[in-house]
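The values are calculated or read from the model by the stated rules, or taken from the named source; none is laboratory data. What you are looking at is a predicted structure, and each value in this text was computed from that prediction instead of being measured. Cβ: placed from backbone, ideal geometry, glycine included. Neighbour counts: every protein chain shown. Ligands, DNA and RNA are stripped out before the accessible areas are found, and what is left, the full protein with its side chains, is counted by its heavy atoms. Shrake-Rupley method; radii C 1.70, N 1.55, O 1.52, S 1.80 Å.
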Amino acid sequence: MKIAKNTVASFHYTLTNDAGEVIDSSDGREPLAYIHGEGQIVPGLENALEGREKGDKLNVDVAPAEGYGVKHDELIQVVPREAFQGVEDLQPGMQFQGRNDHGAINVTITRIEDDQVTVDGNHPLAGETLHFAVEISDVREPTAEELSHGHVHGVGGHHH
């Protein structure tokens, strides 16, 4: 069976950046399972998996626009330290949920200088080219329940 819209695909992967550093991997875990065509993985990888079969191995380079997006400078802001009341030890790398004109937004502290805290609302991998090494471990039809819920159940998927 080939990966196509509304099939359940499972795959092992290693994700690296341009420097070859491992960002994420399924090594030692169950393969990642998703419903193809539902936007559950980054578009560039989903497009590359279309038509693949169990056992296929491939390397996929995903440009920022087809991954986690390009970096938007307007999502980087400097806010007063007092905006983090109740947080004792602020450190770069800490993540918080904030609000902007469009609703909730996740931000990462990138810099602290005196009473000024720089936060970045971009995804941590925005602007990065993603390099995936993938091995397809299974392709199957989804259950009616998986389709109605919009996600995979069981191994590598969601557990209710």
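Output wanted: per-residue J couplings in Hz (rounded whole) for the range 63-73, from phi through Karplus 6.51 cos²θ - 1.76 cosθ + 1.60, θ = phi - 60°, x for Gly and Pro.
Along the range 63-73, the couplings run 5, x, 5, 9, x, 9, x, 7, 7, 9, 4 Hz.
Can you give me the long-range amide H partners of HIS153? Hydrogens built in the peptide plane at 1.01 Å from N, cutoff under 5 Å, separation of 5 or more residues or another chain.
Excluding prolines and chain starts, which carry no amide H, the hits are HIS158.
Assuming R0 = 35 Å, what is the FRET efficiency of ASP24 and GLU88, from their Cβ-Cβ distance, to the nearest 0.05?
0.70
Using a Gaussian network model of the chain whose springs link C-alpha atoms within less than 10 Å, name the residue from GLU135, GLU88, GLU38 with the highest mean-square fluctuation.
Maximum among the listed residues: GLU88.
With every protein chain kept in place and ligands, DNA and RNA left out, what is the accessible area per residue of the range 1-143? Probe 1.4 Å, answer in Å².
Ligands and nucleic acids excluded, the result is 60 Å² per residue.
Which of the aspartates and glutamates could a cross-linker bridge to LYS54, judged by Cα under 19 Å and excluding same-chain residues fewer than eight apart?
ASP27, GLU30, GLU46, GLU135, ASP138, GLU141
Say R0 is 22 Å: what FRET efficiency, to the nearest 0.05, do LYS5 and GLU53 get from their beta-carbon distance?
Efficiency for this residue pair is about 0.90.
Probe radius 1.4 Å, ligands and nucleic acids ignored: give me the carbon and sulfur share of the accessible area of the chain as a rounded percent.
46 percent
For the range 36-50, in order, what is each residue's ³J(HN,Hα) by Karplus, 6.51 cos²θ - 1.76 cosθ + 1.60 with θ = phi - 60°, in whole Hz (x at glycine and Pro)?
Listing the rounded values in order: 5, x, 9, x, 8, 10, 4, x, x, 6, 4, 4, 5, 7, 3 Hz.
In the range 25-115, what trypsin sites (Lys or Arg not before Pro) fall in a loop by DSSP, with at most 11 other Cβ atoms inside 10 Å?
ARG29
Could you compute the net charge surrounding GLU135? Neighbours are other residues with a C-beta less than 14 Å from the C-beta of GLU135; K and R count +1, D and E count -1.
So the environment of GLU135 carries a net charge of -1.
In terms of modelled amide H atoms, which long-range or inter-chain residues lie less than 5 Å from the amide H of ALA4?
GLY51
Rounded to whole Hz and in sequence order, give me ³J(HN,Hα) for the range 12-20 from the Karplus expression 6.51 cos²θ - 1.76 cosθ + 1.60, θ = phi - 60°, writing x for Gly and Pro.
Using θ = phi - 60°, the values come out as 8, 8, 10, 10, 10, 9, 4, 7, x Hz.
What is the Cα centroid distance between the range 49-128 and the range 3-34, reported in whole angstrom?
What the calculation gives is 21 Å, centre to centre.
How long, wide and thick is the chain, going by the Cα atoms along their three principal axes, in whole angstroms, largest first?
58, 36, 30
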